[in-house]
Amino acid sequence: MSTFRIIDDIEMTDAPQKINLTPFTCYKWLPLFEKTNLFDDKYEWFDLLKKEENFIIGYVIMPNHLHALIRLGNHSRTINRLIAEGKRF
């Protein structure tokens, strides 16, 4: 099962001009998102990012990996910190 969304109704002028493609995969490409039902955890991570004034431009969550387009807010932590947190979420 895959899930995706592209959001086209956000105001982009308040954020830095850099959009980050943030892919990450499960260990040995195992379908761990699907087997452990981690889809909701990733949605909660997206909610946390938005609460911190980051923008989720679009995403695809597949059984064994995730791709997200994230635009950082003006006062956001680094993309490396956000991705590290998303992998632990």
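Odds and ends about this structure:
- Residue match in region 50-71 (condition: in a helix (DSSP H, G or I) and either loosely packed, with under 11 Cβ neighbours inside 10 Å or not β-branched (Val, Ile, Thr) (or both)): yes
- Residue match in region 46-64 (condition: among the polar types (S, T, N, Q) and at pLDDT below 85): no
- Any pair with Cβ under 7 angstrom, 6 or more apart, that starts in region 17-37 at a residue that is assigned to a helix (DSSP H, G or I) and ends at one that is at pLDDT below 90 and among the hydrophobic types (A, V, I, L, M, F, W, C): 32/26; 32/38; 33/26; 33/39; 34/1
- Checked against the criteria, residue 66 does not count as in contact with a helix residue (DSSP H, G or I) (Cβ under 7 Å, 6 or more places away or on another chain) and closer than 14 Å to residue 18 by Cβ.
- Listed conditions (1) touching a strand residue (DSSP E or B) at 6+ places or on another chain (Cβ under 8 Å); (2) modelled with pLDDT under 90 are all met by residue 27, apart from (1).
The values are calculated or read from the model by the stated rules, or taken from the named source; none is laboratory data. Predicted model, so just to flag it, every value in this text is computed and none were measured. Methodologically, a virtual Cβ is constructed for each residue, glycine included, from the backbone with ideal geometry; neighbour enumeration extends over all protein chains shown.
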